[in-house]
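K.L.:
Next up is a structure, given as structure tokens.
Just so it is clear, none of the values below were taken in a lab; they were calculated from the coordinates. Just so it is clear, the structure is predicted and the values come from calculations on it, not from any experiment. Don't worry about glycine lacking a Cβ; one is built from the backbone with ideal geometry, like all the others, and counts go over all protein chains shown.
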Amino acid sequence: MTSARAIGIDIGGTSLRAALVDSSGRILAREETATLAQAGPQAVVQQIADLVAKIAPDRSGITGTGISSPGPIDTERGLALGVPTLVGWSDIPIAGMIQTALGLPVRLENDAIAAAIGEWKFGAGQGLSHLVYVTISTGIGGGIILDGKVLHGRMGMAGHIGHMTVARDGAPCACGNRGCWEAYASGTAFARRIAPHFPNPKSAFTAATSGNPLALQLVTEEADWLGIGIANLLHLFSPQTVILGGGIANGFSLLLPGIRRRVQANAMPAFRDVPIVPAALGENAGLVGAAAMVM
């Protein structure tokens, strides 16, 4: 019996990825290109069609296409509401445009929620009914699985966890607010703090691994900010595990002790023993999760 297959598309401001995925979460074919982020939605839709033509020249047996997109998006109506990293993506019926271009059913999902689905179905969250996925990169995003269901909320916009306030009247955030968790704990915030000393997070993690005292101090500060937000998430959602993904999670082993110290300090006793684990699917979590939505 032939396994079901679906297409996953991961739209990013920098990279555009497409994969053909089977029902076991295995990637059968994958293509990637630089996103034409400044060229408008129709140009990106054409890029998607071109990638899909490469990974699936024969569409027979393909159940549909799942789209992992940055927000804000209205997943109920398939609309991009104003994606800051993509020019012209404001009140655009992007799901319908892609469906017309591909001739396949399309489902649109927030990128962090799509990644959460990937980890839940095929990665670090397999077999669980309650989990929180946190992606820490340019910003901070999240996806929540509760009671064995994906938490979507109004307009499918639940999970914007990076914009909970952790410091009253604090540092400005790209969203326009002040004191957001993203403004303190994202990869962008970490890169800004280390800039006088290290060129990028990877170099800071490498130096910390070698025992550099300043690097260790900066990594500990990042871990502490992450722990503040994670303690909040434990209280809000009571997950069985918290899964960390995104570029900053590459330093997971260095960050975990500081995260756990802050969780121990901030979380109520009943929440302190929840495992915090690294994502298992890496940059393919969104692709696999997007495909899983239409299988």
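K.L.:
Report the residue, chosen from Gly61, Gly141, Gly229, that carries the largest GNM mean-square fluctuation when the chain is represented by alpha-carbon nodes joined by springs under 10 Å.
P.N.:
It is Gly61.
K.L.:
Still on this structure: Evaluate the charge dipole of the chain about its Cα centre and quote only its size in Debye, nearest 20, assuming +1 on the Cβ of each Lys and Arg and -1 on the Cβ of each Asp and Glu. Each step should come with its number before you reach the end.
P.N.:
Values: 20 positive and 20 negative charges, 68 e Å.
Its charge dipole is roughly 320 debye.
K.L.:
Out of Ala267, Ala189, Ala207, any idea which swings most in a Gaussian network model of the chain, alpha carbons joined below 10 Å?
P.N.:
Most flexible of the set in this elastic network: Ala207.
K.L.:
Same structure, new question: If packing is taken as the mean number of other Cβ atoms within 10 Å per residue, what is the order of 161-174, 102-115, highest first?
P.N.:
Numbers: 161-174: 15.8, 102-115: 23.4.
My ranking of the peptides, most packed first, is 102-115, 161-174.
K.L.:
Moving on. Return one number: the angle in degrees, 0 to 90 and rounded to the nearest 10, between the long axis of the Cα atoms of helix 41-55 and the longest principal axis of the Cα atoms of the chain.
P.N.:
Between helix and principal axis, roughly 80 degrees.
K.L.:
Based on the mean of other Cβ atoms within 10 Å per residue, sort peptides 74-80, 281-287 so the most packed one is first.
P.N.:
Working: 74-80: 18.4, 281-287: 23.9.
The densest-packed peptide leads the list: 281-287, 74-80.
K.L.:
Continuing with the same structure: Roughly how tilted is helix 111-122, in degrees to the nearest 10 and between 0 and 90, from the longest Cα axis of the chain?
P.N.:
So the inclination is approximately 90 degrees.
K.L.:
Continuing with the same structure: What is the distance in Å between the Cα centres of the range 145-168 and the range 249-295?
P.N.:
The range 145-168 and the range 249-295 have Cα centres spaced 15 Å from each other.
K.L.:
Calculated from DSSP H runs of 4 or more alone, at -39500 (n - 2.57) each and per residue, what is the 222 nm mean residue ellipticity of the chain, nearest 500?
P.N.:
Numbers: 9 runs with 106 residues, N = 295.
When only DSSP H runs of four or more count, the value is -11000 deg cm²/dmol.
K.L.:
Another question, then. Could you tally the net charge around Gly286, taking each other residue with its Cβ under 15 Å from the Cβ of Gly286, Lys/Arg +1 and Asp/Glu -1?
P.N.:
-3
K.L.:
Of (i) 23.4; (ii) 24.0; (iii) 19.5, which is the value of Kirkwood radius over Cα pairs in Å derived from the coordinates here?
P.N.:
Looking at Kirkwood radius over Cα pairs in Å for this model, the match is (iii).
K.L.:
Now for a different question. What number comes out for the charge environment of Ile94, summing +1 per Lys or Arg and -1 per Asp or Glu over other residues with Cβ under 15 Å away?
P.N.:
Values: positive: Arg77, Arg107; negative: Asp10, Asp74, Glu76, Asp91, Glu109, Asp111.
Result for the neighbourhood of Ile94: -4.
K.L.:
Would you mind checking which residues have amide H under 5 Å from Thr35's amide H? H placed 1.01 Å from N; only 5 or more apart, or other chain.
P.N.:
For Thr35, whose amide H was placed from the backbone, the distant partners under 5 Å are Ser15, Leu16.
K.L.:
Tell me the angle of helix 252-266 to the major Cα principal axis of the chain, expressed in degrees between 0 and 90 and rounded to the nearest ten.
P.N.:
60
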